[in-house]
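Undergrad: Pasting in a structure now, in structure tokens, and then I'll have a few things to ask.
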Amino acid sequence: MFQINENYLKLPGSYLFSTIGKKVSAYSGAHPDKKIIRLGIGDVTLPLAPAIVSALHKAVEEMGRAETFRGYAPDLGYEFLRNTIAENDYKSRGCEIGPDEIFISDGAKSDSANIQEIFGPENKVAVCDPVYPVYVDSNVMAGRAGSYDRERGIWSDVIYMPCTEENGFLPGLPKEHPDLIYLCFPNNPTGAVITKARLQEWVDYANETGAVILYDAAYEAYISEPGVPHSIYECEGAVTCAIELKSFSKNAGFTGMRLGYTVIPKKLKCGDVALHSLWARRHGTKYNGAPYIVQRAGEAVYSREGKAQLEAQISYYRKNADYIFNGLKRAGYTVSGGVNSPYIWLKTPKGMTSWEFFDYLLENANVAGTPGSGFGPGGEGYFRLTAFGSYENTVEAVDRIRML
Ligand SMILES: *Cc1c(COP(=O)(O)O)cnc(C)c1O
């Protein structure tokens, strides 16, 4: 008789977005005249930029001709894309990352979930609280998280690093020594960023204690202030302790296209084994690469027109973030994030729980957001709004909240 991976049974149901969906449709069913504005979505809404669309068309034509048809992509991804990434995302920032240290993939969600499998089962994992749930759940599936405490919403073998108003939503260095440290800046859900000096402390800590930092930089394109690192490799010594995960989803609208990459420097070793060789082996065995046409579209992200068009898209979302942040602040809310991030993290008023505030906003302003408690116990009493809607809806939603 076969057995299942029992670790899957330990996972609590992820009711967050389905509960939101159910509550919103129940409300709109009962009040068909009300226009509900959704500021909870973590998905982009603007269409692909013209430079990307024309790169796609060109690649499709190539696939339809015998002379230019392409089959399986090279294991690590096409060189044209890896060279472009190395040049634009690393060399231009003074980071010593070469094209052969970049692995092209179908996105940062799968990479951030899969990367744990090149590490031993006994490794101790540390995450921020609140956190993007993928980091925790993928380690639960691998049997690395221990048992779940339903009451407190935490796992016995995971180290939680609280991100609170007091510490500016930046975790302190953990007292227990983790082996794998997941960091994400600009952060989802809090919108917080880390300065280069503070990130350097994490890099030094990881090098001193023999830990690996898994650095999720999916929102890097939203950084608007100086002094905020765009890559962890801007920090000295990061090539011996950090893996970086990047996505084309939030900067270029590729959520439905699927493209991302992971950087593993060749100097990142466990004894004399390079993690690069393990991930290369994993890639070669379990993955056959992102589609050629999508990799060509990814290349267009870095073209002159592509860069200009995407800067305009980011500015559009940034204007929304600005409107939400300042509008709610003026209305007396305690808000953070939003400046280097498409996410605004607000404290629920009058001691409401995250879900109480969800219901309150839905019923009184007809605005749907995301309860902070869905991202871990540290998110209780907070609420996430996103800048990914249209400007008109964003303005209307914020104005309704201000009238309450
Ligand atoms: C959206 C997001 C990603 C990107 O995932 P893709 O699979 O590339 O679409 C990665 N990490 C975080 C924290 C995110 O919010």
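The values are calculated or read from the model by the stated rules, or taken from the named source; none is laboratory data. Please read all numbers here as calculations on a predicted model, not as lab measurements. Every residue, glycine as well, gets a Cβ built from its backbone with ideal geometry; the counts of neighbours run over all protein chains shown.
Undergrad: Would you mind finding the one in A312, A221, A297, A252 that is touching a helix residue (DSSP H, G or I) at 6+ places or on another chain (Cβ under 7 Å) and farther than 26 Å from Y72 by Cα? Let's see the steps before the verdict.
TA: Values: A312 fails: touching a helix residue (DSSP H, G or I) at 6+ places or on another chain (Cβ under 7 Å); A297 fails: farther than 26 Å from Y72 by Cα; A252 fails: farther than 26 Å from Y72 by Cα.
One residue alone meets the criteria, A221.
Undergrad: Would you call R150 farther than 18 Å from G337 by Cβ, surrounded by fewer than 21 Cβ atoms within 10 Å (Cβ to Cβ) and basic (K, R)? Walk me through it before giving the result.
TA: Details: farther than 18 Å from G337 by Cβ: yes; surrounded by fewer than 21 Cβ atoms within 10 Å (Cβ to Cβ): yes; basic (K, R): yes.
Against the criterion (farther than 18 Å from G337 by Cβ, surrounded by fewer than 21 Cβ atoms within 10 Å (Cβ to Cβ) and basic (K, R)), R150 qualifies.
Undergrad: Could you tell me which of the residues T262, T209, T240 is within 25 Å of T84 (Cβ to Cβ) and polar (S, T, N, Q)?
TA: Numbers: T209 fails: within 25 Å of T84 (Cβ to Cβ); T240 fails: within 25 Å of T84 (Cβ to Cβ).
Step by step, each of T262, T209, T240 is checked, and only T262 is within 25 Å of T84 (Cβ to Cβ) and polar (S, T, N, Q).
Undergrad: Condition check: buried (at least 23 other Cβ atoms within 10 Å of the Cβ), within 10 Å of the ligand (Cβ to nearest atom) and either modelled with pLDDT under 95 or farther than 25 Å from Y302 by Cα (or both). Does Y182 satisfy that?
TA: On the way: buried (at least 23 other Cβ atoms within 10 Å of the Cβ): yes; within 10 Å of the ligand (Cβ to nearest atom): yes; either modelled with pLDDT under 95 or farther than 25 Å from Y302 by Cα (or both): yes.
So Y182 fits the description; yes.
Undergrad: So F388 fits all but one of (1) part of a helix (DSSP H, G or I); (2) closer than 28 Å to A26 by Cα; (3) among the aromatic types (F, W, Y); what number is the exception?
TA: (1)
One line per residue, one yes/no per condition, for (1) touching a residue at least 40 places away in the same chain (Cβ under 8 Å); (2) crowded, with 20+ Cβ neighbours inside 10 Å:
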{"residue": "A242", "(1), (2)": "no, yes"}
{"residue": "G271", "(1), (2)": "no, no"}
{"residue": "L278", "(1), (2)": "yes, no"}
{"residue": "R281", "(1), (2)": "no, no"}
{"residue": "I293", "(1), (2)": "yes, no"}
{"residue": "S315", "(1), (2)": "no, no"}
{"residue": "I324", "(1), (2)": "yes, yes"}
{"residue": "G337", "(1), (2)": "yes, yes"}
{"residue": "K347", "(1), (2)": "yes, no"}
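Undergrad: Just one of (1) more than 20 Å from E101 (Cα to Cα); (2) modelled with pLDDT of 95 or more; (3) more than 16 Å from the ligand (Cβ to nearest atom) trips up G227, so point out which.
TA: For G227, the exception is condition (2).
Undergrad: Would you mind stating whether V127 is more than 16 Å from the ligand (Cβ to nearest atom), among the hydrophobic types (A, V, I, L, M, F, W, C), more than 19 Å from G42 (Cα to Cα) and in contact with a helix residue (DSSP H, G or I) (Cβ under 9 Å, 6 or more places away or on another chain)?
TA: Values: more than 16 Å from the ligand (Cβ to nearest atom): no; among the hydrophobic types (A, V, I, L, M, F, W, C): yes; more than 19 Å from G42 (Cα to Cα): yes; in contact with a helix residue (DSSP H, G or I) (Cβ under 9 Å, 6 or more places away or on another chain): yes.
It is false that V127 is more than 16 Å from the ligand (Cβ to nearest atom), among the hydrophobic types (A, V, I, L, M, F, W, C), more than 19 Å from G42 (Cα to Cα) and in contact with a helix residue (DSSP H, G or I) (Cβ under 9 Å, 6 or more places away or on another chain).
Undergrad: Residue by residue through the stretch 82-98, note down the ones that are among the small types (G, A, S), more than 18 Å from N251 (Cβ to Cβ) and in contact with a Pro (Cβ under 9 Å, 6 or more places away or on another chain). Don't jump to the end; show me each part of the working.
TA: Looking only at the stretch 82-98, we keep the residues that are among the small types (G, A, S), and these are 86, 92, 94, 98.
Narrowing further to those that are more than 18 Å from N251 (Cβ to Cβ): 94, 98.
Hit for the stretch 82-98 is G98, nothing else.
Undergrad: Out of the stretch 185-222, which residues are outside any loop (DSSP other than H, G, I, E, B), within 16 Å of the ligand (Cβ to nearest atom) and more than 23 Å from E311 (Cβ to Cβ)?
TA: Of the stretch 185-222, the ones outside any loop (DSSP other than H, G, I, E, B) are 196-209, 212-216, 220-222.
Still in the list and also within 16 Å of the ligand (Cβ to nearest atom): 213-216, 220-222.
Listed by number, the residues that qualify are I213, L214, Y215.
Undergrad: Looking at (1) among the hydroxyl-bearing types (S, T, Y); (2) more than 18 Å from P50 (Cα to Cα); (3) near the ligand (Cβ under 9 Å from one of its atoms), find the lone condition where T240 falls short.
TA: (3)
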